[in-house]
Structures are given as C-alpha cells and as structure tokens.
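Following: one structure in structure tokens, then a few remarks.
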Amino acid sequence: MHYIRFLKLPRLLSTPSPVLSAKITVTTDLGESFLFTDLTLVVELESQSGAKILGPRNGKEYLWKGSDGMRSLEVSFPVPSSKKSEAMRMLIRPKENKHNVKHFNNMLVGTKVTTENDGRVVAVRSMDIDVSKAGLKGISGMARRVFFSNEKIISICEETGESIARHIWDAGLMLSSYLAITSPINTSPDLGHALPQLPVLKHKLSLSNLNVLELGTGCGIVGITLSIFYPNATQILLTDLPEASEIITHNLSLLSSSRGASVTHEVLDWSSPLPPRVGNINWDIVLVADCTYNPDVVPDLVSTLRSVARGGKKDVLVLLAMKIRHEDEMVCFDLLEQSGFMVKEKAVLPLLMLAGEPEQIEIFVSR
Ligand SMILES: C[S@@+](CC[C@H](N)C(=O)[O-])C[C@H]1O[C@@H](n2cnc3c(N)ncnc32)[C@H](O)[C@@H]1O
C-alpha cells in the first residue's frame, strides 16, 4: 500500500486571489520508499463535513512522476470566491477509482493474485482550514484518513511528521478492513465469504459483552473500527506509549457517542508492569497490529501478553497482524510458543502494491 502524505500542510497564499498550497509525497507506510511509478492525482476541496466538494468538479489533476524519481510535489487549489468564509479540507487522492482506497472492501481481494496495476494508494485530507482566518483549525501537524464501509465512516487523524507511533500502518489498516468486512453487521456478507476464514476468531467475536484490549494502538484504527462494527463489545481499551496519547484521545473524540461499547485509552508500556486498569480485567481478545517489526522490543511485548493472559480468568485470544519485513521478526512466534500461546489459525491477505515486490499481511489467531 502507498500513502499520500503532506510534507508541508496546506497554507493560504493570497496573491492575486486566494489559493491553498501544499507539498506532498507518496510513500509506503514506513516511509522507506517513494512510489516509483507514475500516478495521476486529483486535488479537491471538501466541505468541513466531507459531504460535498467545493469549487470545480473533478478537481485539479497532477502527475506524480515516480518513474523520474519524483520525491515531492507542490499542489495548489484556488479557493472559490463564494466559499471564503467556509471551513474546508484539502483532499488529495488517486484519480482512478481502482487505486483509491475509499472503501475498506477496495483493499481486500480475497486470496487472488493481483498485478501491480491493481495497487492501492490511500488518499489524504487536511484538517479543517478556516480560510477566513488564513489558519488551520484543529490540531496542527495532523492529517486525516477517511474510509467507508457498509455506510459507516471511519475517520482517523494521524501526524504528518516522521513518528512511528502516530500514523496508520499497513497491518493495522488491513486488519481493520478484515474486521469490518467480516463483521455480522456487514450487509454484503458475500465480500466477507470471499476472504480467508478465521472460525476461532469469528466465534469469539460473536460472544456477548466482549472485553477487547489493544496493545501499540498508534492512532487507534483497529480498536476504533472494532468498536464501530462489533456492537457486542462492552469495553475496548486502546493502549500505547505516552507520546501517542494526544492522537488517540483526538481520534476517540471523533467517534459517535451512540455506540454501545466504552472505548477508552490508557498508557501501557510493554517494559513496565500492567497498569491496574489493564490487570484487573478479564480480556477476551488482545489486538496487536504491526508491533513486531522491532525484535528488540518483542520480548517485552510477549511478556505483556503473558501477564494479560495469566491475570484473567478467561480464555484470551491474541489477534496479531503483521507485515513480515525481515526474518528476525519470526522470533515473536518462538517467544509466544515458549509462553504457552498456540497459533490456532492464520489468514494471508495480499497487499495491493503499485509497482515493486508483492507484499502481504498475515493475521495470526493465538490462544
Ligand atoms: C508500527 S506502530 C503500529 C500502530 C498501529 N497498531 C497500526 O497498525 O496502525 C507500532 C506501535 O507500537 C507502539 N510501541 C512500541 N514500543 C512500545 C512499548 N514498549 N510499549 C507500548 N507500545 C509500544 C508504538 O508506539 C506504535 O504505536
């Protein structure tokens, strides 16, 4: 998967007439490689609610010249004169629908092998811009990712800088899509049936009063998606290091208050003992997405999982999603096995990459 990112957030230039201008790039989740093929991008302005496009329809097109080694691109869009007092967002997306990750189900294609022309690119939106004040409203240094699934909207803000913790990762995005599409409230069950099945997980997710803990939640996309698609969850606790607290709290504030589950946040560092609020609850499921890339911290992660499982009176399922980037990451499974966790089932989901080597996300369900 590739992600459009802001290198410079939109700012208002007012000569001769107002224009929003930004600098973007297109990279992988880790940011370690730029998109090295050409791709037509479209810049649009969206209303604050996201419900309508402001200004000329079909936006303004730009060519990302990845084949020429492009690493950044300046984009701009004129502010329509009739909209100068409205808050708006700048949206940058791939032109072709087949590349645009608008719907979760556009990311998951069962197990079928795909070509590199099928690659997906995640659009980016700015935070709300109050053009009348020529400033940014909301938290600065943030951008928004919006996904649709089954008439629900999953809106997640992430940081625009280099931080590992505070943006969305492939495994988190793919696990979120899988959970949404296979959820019992999905009204297009055929989509879910076309995906690899995880019956042990499905059974657990169907139980009432689920308590779900997420470790290394980052921006919170997996736990937040679960809260939207599994109304039977009673309690969902998103945890990470202290530096992720601000973005998690912000994303939780975007959630509709009509959900049944209580979705909250707590700091949990794997190298420290479990906070009482985590240790005192019988968890049913522990979510772990893209947290095994650094073998140095995996022993602490596994020891946290062991403490969670030992403390509870219930049978805990660990749902671990990863993009295996190097062999060292497999140490995680040795440590999990030594701690008594057994992998019960596994699903492999192809990651739709534009150009480059094929990649995949693996989802493991351990007990
Ligand atoms: C690659 S990010 C994945 C974020 C998110 N799960 C996703 O898939 O989008 C890894 C996360 O693990 C967290 N993490 C790393 N070391 C940690 C530790 N010792 N204790 C708690 N969280 C940690 C990071 O802060 C980061 O949010």
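The values are calculated or read from the model by the stated rules, or taken from the named source; none is laboratory data. Keep in mind it's a predicted model, so treat the numbers as computed, not measured. Neighbour counts are summed over all protein chains in view; Cβ atoms, including those assigned to glycine, are modelled from backbone coordinates with ideal geometry.
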(request) Go through (1) outside any strand (DSSP E or B); (2) within 15 Å of the ligand (Cβ to nearest atom) and name the single condition Glu266 misses. (result) (1)
(message) As an exercise: evaluate Gly223 against (1) away from the ligand (no atom under 12 Å from the Cβ); (2) surrounded by 15 or more Cβ atoms within 10 Å (Cβ to Cβ) and give the number of the one condition it does not meet.
(response) (1)
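Conditions tested, residue by residue: (1) free of Cβ contacts under 8 Å to residues at least 40 places away in the same chain; (2) surrounded by fewer than 18 Cβ atoms within 10 Å (Cβ to Cβ); (3) not in a helix (DSSP H, G or I).
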{"residue": "Ile185", "(1), (2), (3)": "no, yes, yes"}
{"residue": "Leu201", "(1), (2), (3)": "no, no, no"}
{"residue": "Pro231", "(1), (2), (3)": "no, yes, yes"}
{"residue": "Ile236", "(1), (2), (3)": "yes, no, yes"}
{"residue": "Ala244", "(1), (2), (3)": "no, no, no"}
{"residue": "Ile248", "(1), (2), (3)": "yes, no, no"}
(request) Scan region 308-328 residue by residue and report those that are buried (at least 16 other Cβ atoms within 10 Å of the Cβ), more than 12 Å from the ligand (Cβ to nearest atom) and not aliphatic (A, V, I, L, M). (result) Gly312
(request) Quick one: count up the residues across region 161-186 that are in contact with a Gly (Cβ under 6 Å, 6 or more places away or on another chain) and within 15 Å of the ligand (Cβ to nearest atom). (result) 1
(message) Return the residues of region 85-109 that are surrounded by 13 or more Cβ atoms within 10 Å (Cβ to Cβ) and either modelled with pLDDT under 80 or over 19 Å from the mean Cα position of the chain (by Cα) (or both); say none if nothing qualifies.
(response) Glu86, Ala87, Met88, Arg89, Met90, Lys95, Val109
(message) Quick check on my filter: what residues within region 187-199 are within 19 Å of Pro231 (Cα to Cα) and surrounded by 12 or more Cβ atoms within 10 Å (Cβ to Cβ)?
(response) Pro189, Gly192
(request) Would you mind telling me which numbered condition in (1) closer than 18 Å to Ser126 by Cα; (2) touching a residue at least 12 places away in the same chain (Cβ under 8 Å) Lys52 fails? (result) (2)
